[in-house]
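What follows is one structure encoded as structure tokens, with my remarks underneath.
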Amino acid sequence: SHLLHTAIEAGINRHGKVHAVGDGASWIIDQINDIFGTQANYVVDFYHLCGYLAEAAKIGDSEAPQTWLNLQKKRMKNSEVQEVLIELEPFLEA
């Protein structure tokens, strides 16, 4: 695959780690997992994360969505991921 070829060109080996960053699209995550398996981890970039949280803010606090969004962004910047997940939990779709 082009992804693997690029990683090899960049110097990846069997013992190296791959840190992939993207918008959270499942097909990208699937490719990373299929090609690199446990050698890789994947994170959603902050730009896209903020976009997703901005949409969630409309439901998370319909009275003050910007305040809610700013709090979640601050939490993410402080690595308080669990707090954000707890905040989002009531709004998960089945």
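The values are calculated or read from the model by the stated rules, or taken from the named source; none is laboratory data. Remember, it's a predicted structure, so these values are computed and weren't measured experimentally. As a convention, Cβ positions derive from the backbone with ideal geometry for all residues, glycine included, and neighbour counts pool all protein chains shown. Keep in mind that these areas ignore ligands, DNA and RNA; they rest on the heavy atoms of the full protein, side chains included. Shrake-Rupley method; radii C 1.70, N 1.55, O 1.52, S 1.80 Å.
Before we move on, is TYR42 of a type in the set (Phe, Trp, Tyr), open to solvent by 90 Å² or more (accessible area, probe 1.4 Å) and either on the phi < 0 side of the Ramachandran plot or modelled with pLDDT of 95 or more (or both)? In short, no.
The lone criterion from (1) aliphatic (A, V, I, L, M); (2) closer than 23 Å to GLU93 by Cα; (3) open to solvent by less than 50 Å² (accessible area, probe 1.4 Å); (4) in contact with a Phe, Trp or Tyr (Cβ under 7 Å, 6 or more places away or on another chain) left unmet by ALA20 is number (2). If you go through segment 60-74 and keep only what is more than 12 Å from GLU87 (Cβ to Cβ) and of a type in the set (Asp, Glu), you end up with just GLU63.
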